[in-house]
4 protein chains.
Amino acid sequence: MTRATILFASPDRPGLVARLSGFFAELGLNILEASNYTELHGDSGARFYMRLVVDLGAATTRATMETSFETQIATPVGGEWSIGYHDRVARIAVLVTKDPTCLYDLALRQKQGELPCEIALVISNHAMLESAAQSFRLHFYALPITKETKPQQEAQILDLLTRHDVDLVVLARYMQVLSDDFLIKAPPVINIHHGFLPAFQGAKPYHQAHARGVKLIGATAHYATKDLDEGPIIEQDVARISHAMTPDELVRVGRDVERVVLARAVRAHLERRVIVEGRRTFVL
Amino acid sequence: MTRATILFASPDRPGLVARLSGFFAELGLNILEASNYTELHGDSGARFYMRLVVDLGAATTRATMETSFETQIATPVGGEWSIGYHDRVARIAVLVTKDPTCLYDLALRQKQGELPCEIALVISNHAMLESAAQSFRLHFYALPITKETKPQQEAQILDLLTRHDVDLVVLARYMQVLSDDFLIKAPPVINIHHGFLPAFQGAKPYHQAHARGVKLIGATAHYATKDLDEGPIIEQDVARISHAMTPDELVRVGRDVERVVLARAVRAHLERRVIVEGRRTFVL
Amino acid sequence: MTRATILFASPDRPGLVARLSGFFAELGLNILEASNYTELHGDSGARFYMRLVVDLGAATTRATMETSFETQIATPVGGEWSIGYHDRVARIAVLVTKDPTCLYDLALRQKQGELPCEIALVISNHAMLESAAQSFRLHFYALPITKETKPQQEAQILDLLTRHDVDLVVLARYMQVLSDDFLIKAPPVINIHHGFLPAFQGAKPYHQAHARGVKLIGATAHYATKDLDEGPIIEQDVARISHAMTPDELVRVGRDVERVVLARAVRAHLERRVIVEGRRTFVL
Amino acid sequence: MTRATILFASPDRPGLVARLSGFFAELGLNILEASNYTELHGDSGARFYMRLVVDLGAATTRATMETSFETQIATPVGGEWSIGYHDRVARIAVLVTKDPTCLYDLALRQKQGELPCEIALVISNHAMLESAAQSFRLHFYALPITKETKPQQEAQILDLLTRHDVDLVVLARYMQVLSDDFLIKAPPVINIHHGFLPAFQGAKPYHQAHARGVKLIGATAHYATKDLDEGPIIEQDVARISHAMTPDELVRVGRDVERVVLARAVRAHLERRVIVEGRRTFVL
């Protein structure tokens, strides 16, 4: 059974749920999942969002369906939409530095079928995680970086992303700030920040948390944007800590939160559940 | 703006989302919330569930709409459904014994607008919580019970439920087992069990939990059925405990879980989100 | 059985656990609870903290014991300490404005024996919660406040705190900023902030959280200091929220977190578990 | 700096904290951590437990210290105790079948310094996880098992445990029930059960949980005893699930809980924090 997932957004008006679901019903396609959300008080009035998973069955061709959807549904109501076919598996690039936790976590989940994607390649600014990547039979590229070589290194990464046909970049504790130029040219980028944003932005959030004496630490997965640590948040979680823990122990406790939060965010993105609206996300 | 909430269940088939949403779209009624769920592997094949909140607007009469829905939508597909109008506020009865925590919690939430209901009356087998009920200006009835008088006492309760036009009975730490006969005659009954069911059924669950040395304790809100502590679970939660806690301290920690779990379950029921299917519930 | 709780802090050195516990052993007093913590990397070198609960039994007089402890234990090692006797119940003042949740919560817990204190009085800048206070038979004082009358109103509060022999002030959603002068003259003050500090300081934290699109909201109980929302944190917790929740719904969800966090912090303070060290607290 | 951890238990009596801490103070050894707990209502009266971490410094020999502790402290009060030296790293055996999650998790934590141990070997009844073990450079033994060969296979495992000088056996989703005879002869065994014990004992707990319609699933790490799933619980945790999840999705969500719970339990055991008392554990 081949499925497709449609993500749709438009100004709100009566009858949208019926229109969208009616479109697929008329094609004889069964709707396996449907959820919608209306943001009543958006900046430009009420806005409607819907996610549908349909069984493509013995349907018409994809191109025909897409054209019909655009002309019959989207255009008349000013809607924006995207579609993903489950037999076209997304390809992700994982960017790392030295910490292997998130890399192992993503690779293992992918292998166990938890993440609907292929890991096309692993890129690092160090050679350290090469054997970890190889133990999962993943392509690994070490691209060292200095202040001077940053533009060239980013160009190399962009080139690799293109050659490997990458749909999503995951920063799995990649300890470099990506340039605005890179972010404009690259596919979507998800970052894991090891702090409970918006608290503790920037470097060494666990040391900041320790100094402030908080009782919980957290991690935040967000889309990377040019404003560092200000991108739309996809997922967050926290863990309880004790005053007796050193910053190093916070790092240890934090790792368990980081990897779970990152995996949930990547999964939500891959399942086409995440809608970005300004600085917020809606996860349908 | 007056709203109505529809809860619908039927055997699954293609086109149901479109049919239901189309029905309201044709009446010119805006769908404010919609969620649906298909249980693929039910005992009698795939089954479809949907909850819709619609803005009644300047619509046709309610009776006409209900008749149309039955004949055009429900009957053709073998659907069961119910509808609630938000201007008809549900009336609940709270049954208590001596522990005031859940009573205060429900009364305060109701007063603050968190629970869409009126508390029609409070019934107890003791006089102890009379002043608590009165401080919220609630009707209070003390109906003592002994083994011998149980049938009469339950008859009195049933009579009060009828006279006060009660839609839902909430057992807020009512320390009596209701008879099968009562449960058949009464409106739906939600109970809070101070254990993480199915572990620790029956009496003194915190003492059982202490003796077993568990590291978390929980509470379970469920519909009361003739099989004690076996009714469909609506909501559960847990709290972490330490080996140093006595059973009395578990009671204290547990109270915070109980009241939150009970309130969430009552709210979900009142918002017409809960579907019972055998021993399970789906909370849409 | 009468108990005493000792809280002790000094520069770290070998033998402190033995010295402190030996002191009470020699007096024939059983140590019921003991916990200690050494902060290795404090600003002024390693620092030792210990909390002991002892059974006073048929011991020597309290004054004698205190003098001995000071001369034999504390002075030689440069220690600071305090002692509380369980038969001298702490007296707290609860300051409120219009939101009744935390007031009900504290009053009910006190009544059920969860908080080792008496609620000496309730003070508000509005009359609204008078009947709530009275339903628990608590003294209630309404002291309205304007920009102009703030110094006088605070003086009135200080006077009430003195006359009612108050040991701890609890700001249970008191919507006024206390002056530095007040904080210097008053007993310790615990505040509940309805945000996960240090994020979302200042007013309307739930609106800030909504605008930023966070996935969890929190509450923070801290000692009030002249730097608003910067005082040492005693306890924090969070609750998961959904993108579909309005700021008003965040308020509802947040209330459940606030009251539990505030109650835990007040309890920890009353049980003499909290040590303040700069901007951090250690909860033994 | 070399450290030792002492775990001590005896009937309660006044002066024990002072005695134990005094012993090490007199030897000039600094106490780095100390915690104690008195179980007041045990089956054989009040019982005292204490854990101490001491800096061995330039102390006397270990044998002398141990002899002195036994004769001066333990024997006079009927105490039982054990000691671990931090320069003698514990050696663990990890038993697996086909699920790699817990194996990867333990191996990675060990490598990152989170678990104070060496993984001496990995034993499986299948060959499937050989490459996973090898990617961490761990010895791997595949010992297939049938009903008939069970005694021989267990004998082989016991032989390997002896030859590799193993202190702790970790069942990381080992899908075989160990015989009573094995458990008597082996070092301590920690098992991860993928259910929230005591609910859902036995096989397929996620399917049981799904059928019962619970709203949270859990995992339990416990010492293996001859009564399956009845051993003393070391650690538990839960995760929230939705009615829409299939048993397979429960498995996925559960995996994240299992590995964290198992790692915490193994760590607590290795840090010599766990005291078993009947069916309960105290984690100091």
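Observations on the model:
- Filtering region A:31-51 to residues that are assigned to a loop (DSSP other than H, G, I, E, B) and within 16 Å of residue C:245 (Cα to Cα) leaves A:40, A:41, A:42, A:46.
- Pair list, Cβ < 7 Å and 6+ apart or interchain, from region B:110-134 residues that are within 25 Å of residue B:177 (Cα to Cα) to residues that are of a type in the set (Phe, Trp, Tyr): B:121/B:141; B:122/B:140; B:123/B:141; B:130/B:140; B:132/B:104; B:133/B:140
- Tally of residues being in a loop (DSSP other than H, G, I, E, B) and modelled with pLDDT under 95 across region B:73-88: 3
- Of all residues making up region C:17-45, the number that are of a type in the set (Gly, Ala, Ser), touching a residue at least 12 places away in the same chain (Cβ under 8 Å) and at the interface with chain D (Cβ under 10 Å from one of its Cβ atoms): 4
- Only one of the numbered conditions (1) outside any loop (DSSP other than H, G, I, E, B); (2) open to solvent by 20 Å² or more (accessible area, probe 1.4 Å) is violated by residue A:28, and that is (1).
- Filter result (outside any loop (DSSP other than H, G, I, E, B) and closer than 25 Å to residue D:153 by Cα) within region D:178-221: D:180, D:181, D:182, D:183, D:184, D:185, D:189, D:190, D:191, D:192, D:193, D:221
- Any chance residue A:50 is touching a residue at least 12 places away in the same chain (Cβ under 8 Å), buried (at least 17 other Cβ atoms within 10 Å of the Cβ) and more than 24 Å from the chain's Cα centre (by Cα): no
- Selection status of residue D:175, within 22 Å of the chain's Cα centre (by Cα) and either outside any helix (DSSP H, G or I) or at pLDDT 95 or above (or both): yes
- When region B:233-242 is filtered for residues that are in a loop (DSSP other than H, G, I, E, B) and surrounded by 18 or more Cβ atoms within 10 Å (Cβ to Cβ), only B:241 remains.
- Test result for residue B:155, within 30 Å of residue A:239 (Cα to Cα) and either touching a helix residue (DSSP H, G or I) at 6+ places or on another chain (Cβ under 7 Å) or not polar (S, T, N, Q) (or both): no
- Number of the exception - residue B:104 against (1) more than 23 Å from residue C:138 (Cα to Cα); (2) crowded, with 16+ Cβ neighbours inside 10 Å: (1)
- When region B:126-171 is limited to residues that are open to solvent by less than 60 Å² (accessible area, probe 1.4 Å) and of a type in the set (Asp, Glu), the one that is nearest to residue B:93 (Cα to Cα) turns out to be B:167.
- Odd one out for residue C:274, checked against (1) farther than 23 Å from residue A:199 by Cα; (2) open to solvent by 30 Å² or more (accessible area, probe 1.4 Å): (2)
- Screening residue C:11 on (1) out of contact with any Asp or Glu (no Cβ under 8 Å at 6 or more places or on another chain); (2) surrounded by 16 or more Cβ atoms within 10 Å (Cβ to Cβ) shows it passes everything except condition (2).
- Selection of region C:53-63 for residues being of a type in the set (S, T, N, Q) and open to solvent by 70 Å² or more (accessible area, probe 1.4 Å) yields only C:61.
- Residues that are open to solvent by 10 Å² or more (accessible area, probe 1.4 Å) and not charged (D, E, K, R) were ranked within region D:178-192; the one that is farthest from the chain's Cα centre (by Cα) is D:179.
- Condition check for residue A:268: of a type in the set (A, V, I, L, M), free of Cβ contacts under 8 Å to residues at least 12 places away in the same chain and surrounded by fewer than 20 Cβ atoms within 10 Å (Cβ to Cβ): no
- Region B:193-232, subset open to solvent by less than 10 Å² (accessible area, probe 1.4 Å), more than 7 Å from every other protein chain (Cβ to nearest Cβ) and aliphatic (A, V, I, L, M), residue nearest to the chain's Cα centre (by Cα): B:221
- Hey, residue A:276 in a loop (DSSP other than H, G, I, E, B), over 18 Å from residue A:99 (Cα atoms) and either within 10 Å of another protein chain (Cβ to nearest Cβ) or under 16 Å from the mean Cα position of the chain (by Cα) (or both) or not: no
- Looking across region B:65-81, just one residue is under 25 Å from the mean Cα position of the chain (by Cα) and loosely packed, with under 14 Cβ neighbours inside 10 Å, and that is B:80.
- Residue D:166 vs. criteria in a strand (DSSP E or B) and in contact (Cβ under 8 Å) with a residue 12 or more places away in the chain: no
- So residue A:181, is it farther than 30 Å from residue C:231 by Cβ, out of contact with any strand residue (DSSP E or B) (no Cβ under 7 Å at 6 or more places or on another chain) and touching a residue at least 24 places away in the same chain (Cβ under 8 Å): yes
- Flag for residue C:89 being more than 10 Å from chain D (Cβ to nearest Cβ), in contact with a Cys (Cβ under 8 Å, 6 or more places away or on another chain) and surrounded by fewer than 16 Cβ atoms within 10 Å (Cβ to Cβ): yes
- Here residue D:248 fits the description: assigned to a helix (DSSP H, G or I), modelled with pLDDT under 90 and open to solvent by 20 Å² or more (accessible area, probe 1.4 Å).
- Sole exception among (1) of a type in the set (Ser, Thr, Tyr); (2) open to solvent by 40 Å² or more (accessible area, probe 1.4 Å); (3) touching a residue at least 60 places away in the same chain (Cβ under 8 Å) for residue B:174, by number: (2)
The values are calculated or read from the model by the stated rules, or taken from the named source; none is laboratory data. Bear in mind that the values here come from a model prediction, so they are computed numbers and not experimental data. Positions of Cβ are generated from backbone atoms using ideal geometry, with glycine treated the same way; all protein chains shown enter the neighbour counts. These area figures cover heavy atoms from the full protein model, side chains too; ligands, DNA and RNA do not enter into them. Shrake-Rupley method; radii C 1.70, N 1.55, O 1.52, S 1.80 Å.
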